[in-house]
1. Charges at C-beta only: +1 for Lys and Arg, -1 for Asp and Glu. How large is the resulting dipole of the chain about its Cα centre, in Debye rounded to 20?
2. What number, in percent, do you get for the relative contact order of region 4-261 if the mean sequence gap of Cα pairs under 8 Å and at least 6 apart is divided by its residue count?
3. All other residues with a Cβ under 10 Å from the Cβ of E75 taken together, and with Lys, Arg as +1 and Asp, Glu as -1, what is their net charge?
4. Among V222, V195, N241, which residue has its Cα positioned farthest towards the positive end of the charge dipole of region 4-261, with +1 placed on the Cβ of Lys and Arg, -1 on the Cβ of Asp and Glu, and the dipole taken about the Cα centre?
5. Which order do D199, D80 take when ranked by solvent-accessible area (1.4 Å probe, heavy atoms of all protein chains), largest first?
6. Quick one: Cα convex hull volume of region 4-261, Å³ per residue?
7. Counting only protein heavy atoms and a 1.4 Å probe, tell me what percentage of region 122-186's accessible area is made up of carbon and sulfur.
8. Could you go through region 217-233 in sequence order and give the Karplus-derived ³J(HN,Hα) for each residue, using 6.51 cos²θ - 1.76 cosθ + 1.60 with θ = phi - 60°, rounded to whole Hz, and x for Gly and Pro?
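The values are calculated or read from the model by the stated rules, or taken from the named source; none is laboratory data. On a predicted model such as this, the values are computed, not experimentally measured, just so you know. Cβ placement follows ideal geometry from the backbone for every residue including glycine, while neighbour counts extend to all protein chains displayed. Please note that ligands, DNA and RNA were not included when accessible areas were found on the heavy atoms of the full protein model with its side chains. Shrake-Rupley method; radii C 1.70, N 1.55, O 1.52, S 1.80 Å.
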Amino acid sequence: MLTETQRVEFETRGYAVLPGFKPAAEIAALRERALALVDDFDPAKGAGIFSTTDLAPSAERWFLESGDKVRCFFEEEAFDAEGALAVPKRLAINKIGHALHALDPVFARFSLGADIAALAQALGLERPRVRQSMFIFKQPAIGGEVRWHQDATYLMAEPHPVLGLWFALEDARIDNGCLWVQPGGHRGPLRERFVREGDRVRLERLDDTPWPGPGDAVSLEVDAGTVVAFHGLLPHYSAPNRSAVSRHAYTLHLADGRSVWSPLNWLRRPHDGVPGG
Ligand code: FE2
């Protein structure tokens, strides 16, 4: 599953890259299913982002309610000045989240297999539990930037931080918005926490350590089928996609069953998808 070198690299650098982790057939099935979910998605029934008067609260609600659902989210640049979709729906969606692994059979098959259980255990999670899943489209031309962050900001668990698994479903290159990481950055502090209070969320600064500069970032150009495993404290980002090709990826976040899930997390329902179970 994981060579000793890869395991040591994960510990020292905070991430490991495993090419060819998922076969082409599984990737094709996932992408096909994601597009079917987009086709079925009727923006008029939700999202609320067409409203011009309560944009922020309705978008926040759409997000906060999605922890135990399968919901589509739009790219910020998918709309024209009048608020109408400027591109076809299949090219307008930023991501689908956040309980694909729990609610959709195709995604459950991909997410809860023995391969992922073995990988998570090799990376130190004694009792791996999938808490969150996202299909990320990173659309051609309008795929949005994801600024520097640590995933533990959004999914806090103690004492074992969450493990992120990032599956490349298409070749990821600098041009189409691949991941950038700061090797070893997982040894730094948690800089922010995303706190939920009732139906509102806010980002709190915890530590003034600056985000890495351009010289500290390493690009992860990987082929479809690769999984990148990363530590919850590893700073990473991805640039906007201004190229003509998408950069589909699928992410899972796993917690260790031994950890305590923070009551401050936005994601309230645990969704214990148990890989290999
Ligand atoms: Fe992330």
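1. Details: 31 positive and 37 negative charges, 91 e Å.
Here the chain has a charge dipole of around 440 debye.
2. Values: 554 pairs, mean separation 73.6, N = 258.
Averaging sequence separation for qualifying contacts and normalising by length gives 29 percent for region 4-261.
3. The answer is 0.
4. V195
5. Working: D199 115, D80 60 Å².
Result of the area sort, largest leading: D199, D80.
6. Details: hull volume 34.4 nm³, N = 258.
Per-residue hull volume (Cα only) is 133 Å³.
7. Values: 1080 of 2050 Å².
Roughly 53 percent, rounded to a whole number.
8. Each residue's phi maps through the Karplus curve to give 9, 10, 7, 10, 7, 9, 8, 3, x, 6, 10, 10, 9, 9, 5, x, 9 Hz.
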